[in-house]
Structures are given as structure tokens and as C-alpha cells.
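Encoded as C-alpha cells, the structure appears first; notes follow it.
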């Protein structure tokens, strides 16, 4: 497993509040954050219909200093006004790219030309989904780089996408409702795996 050196702290000295994020020029943000040492964590959003969920995942990705978001299929993209509102401007500071399918995003991540120079390893693809082959997210093993796939709010991650994944994890549900909101699921699993990999200390901020 690739071990992230303790000196590689995935943080930024550039800290902005909600108003500053909304007001910052997108080009200016890209220039300032170009050399940022981002965490080798990716999100793949597959057919997520609720634009507020998309905006919320931008906020989460920024909080984690994630490397990139792949927006796939029928998922709306910025500058959709609801995404702008829900993301409080973080869509300007988190790298993102649209792909017509999640399979294309996976292929892009596994393309040797795109492998991160910080790890020189192909990302592990992990779907967050309820499936007969899924395992409890707390019992899974994680290593950088990796990508989390999040599916449609109703139908979940497509079967062909699941077949292309290295692992499927799920969050236990003990009540009547079968699933959690996509942002909540993303946050629970992402923060867990970061803690698993030893990078959740407040000292890393």
C-alpha cells in the first residue's frame, strides 16, 4: 500500500469564507491554486439529479482538498445556478470535468498518462452502493490514490459501472429507510477513509 509521507499535508494556506468564495474570480482562483498539493482522492458523480447534492459535494471535495470531481451522465454541471448557490462558490476552486459516462471517467483515471506523479499508481475505484457484493465501509481497506463513485438518488450506481469497480462499499442502515442522502454518504465514507489513511488531524489544516 502506498504510504503518504507525513510531510505531505494536503492543505492550503488560502482560506476564504462563504462571501469571499462567492465573489472570487474563477480565473484568479485557478491561478492561485494551480500548485496546490491536492489529496489523491476523486469523486465520480453518476446521474445525480439534485443540483443541491452536486453543489454540496463540491463543498465536501473542497473541505477534503480532493484532486478532482468527474461529473457524469445526466448530472448538471456549473454554472447551473443551484449548484452555484449550494456550493457557495467552491465549484471555482475544485477541479472538475464532465464525462458522458462513469466508465469514461474510470478510463480517464486509469490512463497511464494521467496517473498522479505523487503516487505513480493507478487509482482504486470504489463505489458507494448497496449490492450483494458490497462490504461495510469500515471493514474495507483503502490506499491512495482512489476514487469514490456516487450514484443516482433513486436507482444508485449502474450495474455496468459496478462491474468496472475494484470494490463496493456500503453504509449500514438500521432503520426503515434504506439509504442516506448522497452527500451524507459521501462525507461519511470519505472522512472515514482519510482517517484510515492517517490524514484527519486538525494539525493537517
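The values are calculated or read from the model by the stated rules, or taken from the named source; none is laboratory data. These figures come from a predicted structure and were not determined experimentally. Positions of Cβ are backbone-derived with ideal geometry, glycine not excepted, and every protein chain shown enters the neighbour counts.
Scanning the stretch 18-63 for residues that are outside any helix (DSSP H, G or I) and modelled with pLDDT under 95 yields 24, 25, 33, 34, 35, 36, 37, 38, 39, 40. Just one of the numbered conditions (1) free of Cβ contacts under 8 Å to residues at least 24 places away in the same chain; (2) outside any helix (DSSP H, G or I); (3) farther than 24 Å from residue 21 by Cβ is not true of residue 77: (3). For the stretch 85-93, check the following and say yes or no: at least one residue is modelled with pLDDT of 95 or more, touching a helix residue (DSSP H, G or I) at 6+ places or on another chain (Cβ under 9 Å) and closer than 12 Å to residue 150 by Cβ. Within the stretch 85-93 (the criterion being modelled with pLDDT of 95 or more, touching a helix residue (DSSP H, G or I) at 6+ places or on another chain (Cβ under 9 Å) and closer than 12 Å to residue 150 by Cβ), the answer is no, since none of the residues qualifies.
Going by the conditions given, is residue 147 closer than 28 Å to residue 50 by Cα, within 16 Å of the chain's Cα centre (by Cα) and touching a residue at least 24 places away in the same chain (Cβ under 8 Å)? It is true that residue 147 is closer than 28 Å to residue 50 by Cα, within 16 Å of the chain's Cα centre (by Cα) and touching a residue at least 24 places away in the same chain (Cβ under 8 Å).
Could you tell me how many of the residues in the stretch 80-123 are assigned to a loop (DSSP other than H, G, I, E, B) and farther than 26 Å from residue 158 by Cα?
Quick first cut of the stretch 80-123, residues assigned to a loop (DSSP other than H, G, I, E, B) only: 80, 88-89, 93-95, 100-101, 111, 115-123.
If we keep only those that are farther than 26 Å from residue 158 by Cα as well, we get 88-89, 93, 116-120.
The total comes to 8.
Applying the condition of being farther than 23 Å from residue 53 by Cβ and either in a helix (DSSP H, G or I) or under 15 Å from the mean Cα position of the chain (by Cα) (or both) to the stretch 160-205 and asking which residue is modelled with the highest pLDDT yields 163. When residue 71 is tested against (1) outside any helix (DSSP H, G or I); (2) buried (at least 21 other Cβ atoms within 10 Å of the Cβ); (3) out of contact with any strand residue (DSSP E or B) (no Cβ under 6 Å at 6 or more places or on another chain), exactly one condition is not met: (3).
So which of 99, 113, 82 ends up being without any contact (Cβ under 8 Å) to a residue 40 or more places away in the chain and out of contact with any helix residue (DSSP H, G or I) (no Cβ under 8 Å at 6 or more places or on another chain)? Break it down into steps so the answer makes sense when it comes.
Values: 99 fails: out of contact with any helix residue (DSSP H, G or I) (no Cβ under 8 Å at 6 or more places or on another chain); 82 fails: out of contact with any helix residue (DSSP H, G or I) (no Cβ under 8 Å at 6 or more places or on another chain).
Step by step, each of 99, 113, 82 is checked, and only 113 is without any contact (Cβ under 8 Å) to a residue 40 or more places away in the chain and out of contact with any helix residue (DSSP H, G or I) (no Cβ under 8 Å at 6 or more places or on another chain).
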